[in-house]
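Engineer: Mind looking over this structure? Questions follow.
We did not get these values from a lab; they are worked out from the coordinates using the rules stated. Remember, it's a predicted structure, so these values are computed and weren't measured experimentally. Glycine gets a Cβ as well: all are built from the backbone with ideal geometry, and neighbour counts include every protein chain shown.
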Amino acid sequence: QISDNWPGYSLDLFTYPQHYYGDLEYVLIPHGIIVDRTERLAKDIMQDIGDNDIVVLCVLKGGYKFCADLVEHIKNLSRNSERFISMKVDFVRLKSYHNDQSMQDMQIMGGDDLSKLTGKFFMFYKDIVGTGRTMKVLLNNIEKYKPKMIKVASLLVKRTSRPDGYRPDYYGFEIPDLFVVGYALDYNEHFRDLNHICVINDHGKAKYRV
Ligand code: IMP
Ligand code: MG
């Protein structure tokens with residue numbers, strides 16, 4: 001849980017791409033800590049899923065780093081234990097109509113024929129839960145396929161002023177109500193190539209505004 005008055009780490013302590021010099025305020029979570037925390041989440045997940053085989057649904061684009069690292073940790077843990085968990089991995093993306101703000105119009109794109117997954121143990125891996133609205137729409141869509149169980153792991157949960165009351169089953173860090181980028185999280189498609197999770201500054205916001 002990262003408190004509202006946590007000052008973060010100075011950017012000078014770490015390396016990051018030169019094309020983002022001047023665009024960031026500070027490092028909120030360094031890459032190494034993200035990876036270490038993800039390893040622990042993998043352990044917790046392994047303990048909870050028992051002997052079930054799982055279908056991992058990576059929520060693109062922001063979830064790709066977290067998903068890749070989490071799957072890697074689960075593979076490592078299961079390779080070094082008596083119990084081997086078989087995993088299928090699939091990718092989904094959300095598309096909401098431009099001219100309609102309503103989240104009800106959000107569509108799940110990509111992924112195999114989800115109806116084949118009836119009776120399976122699903123896990124969603126996602127970058128961040130803000131209001132929780134996106135996750136609720138996703139869950140509503142998946143529930144029609146009658147999975148055996150659905151669990152959600154999100155790297156970040158934001159303490160937003162307008163929460164929807166949704167909490168993922170697993171999460172890495174609860175963060176203040178700040179706009180963060182890096183580790184695949186973007187601001188208008190920029191900053192996905194940044195390793196650390198950082199807070200963007202006004203200069204960066206203006207530079208990449210669309
Ligand atoms: P929701 O408010 O939980 O529905 O989140 C909506 C989506 O906005 C998330 O899936 C993220 O892709 C994106 N998002 C929310 N907060 C941030 C942020 O701080 N940085 C980058 N993307 C964000
Ligand atoms: Mg985004």
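Engineer: For residue 171, which sequence-distant residues (separation of 5 or more, or a different chain) have an amide H within less than 5 Å of its own amide H, given hydrogens modelled in the peptide plane?
Structural biologist: Close amide H contacts, sequence-distant or interchain: 154.
Engineer: Could you give me the ³J(HN,Hα) list for segment 193-210, computed from phi with Karplus coefficients 6.51, -1.76, 1.60 and θ = phi - 60°, whole Hz, x at Gly and Pro?
Structural biologist: Computed from phi, the couplings for segment 193-210 are 8, 9, 6, 8, 8, 10, 9, 7, 9, 4, 4, x, 4, 5, 4, 10, 5, 10 Hz.
Engineer: Regarding the chain, what whole-number volume in Å³ per residue does the convex hull of its Cα atoms give?
Structural biologist: Hull volume normalised by residue count: 131 Å³.
Engineer: Sequence gap at least 6, Cα distance under 8 Å: using those rules, report the relative contact order of segment 32-173 to the nearest whole percent.
Structural biologist: 25 percent
Engineer: Skipping prolines and chain starts, which residues have an amide H placed within reach, meaning under 5 Å, of the one on residue 55, given they are 5 or more residues away or on another chain?
Structural biologist: When sequence neighbours closer than 5 places are left aside, the close amide H contacts are 88, 121, 122, 123.
Engineer: Using a 4.7 Å Cβ cut-off, which Cys residues in the chain lack a partner cysteine?
Structural biologist: When partners are defined as cysteine Cβ atoms under 4.7 Å apart, the chain leaves 198 without one.
Engineer: Name the residue farthest towards the positive end of the dipole of the chain from the options 41, 141, 171, assuming +1 on Cβ of Lys and Arg, -1 on Cβ of Asp and Glu, about the Cα centre.
Structural biologist: 141
Engineer: If amide H atoms are built 1.01 Å from N in the plane of the peptide, which residues on other chains or at least 5 residues away come under 5 Å of the amide H of residue 195?
Structural biologist: 183
Engineer: To continue, here is another question. Using only Cα atoms, find the angle between the long axis of helix 64-79 and the longest principal axis of the chain, and express it within 0 to 90 degrees, rounded to the nearest 10.
Structural biologist: Compared with the principal axis, the helix lies near 50 degrees.
Engineer: Among the lysines, which have Cα under 21 Å from the Cα of residue 116 when same-chain residues fewer than 8 positions away are ignored?
Structural biologist: Partners found: 88, 144, 146, 148, 151.
Engineer: Of the listed peptides 53-60, 194-201, what is their order by residue-averaged count of other C-beta atoms within 10 Å, with the highest listed first?
Structural biologist: Ranked by mean Cβ neighbours within 10 Å, highest first: 194-201, 53-60.
Engineer: Looking at segment 1-81, which chymotrypsin sites (Phe, Trp or Tyr not before Pro) are in a loop (DSSP not H, G, I, E or B) and have at most 13 other Cβ atoms within 10 Å?
Structural biologist: 21
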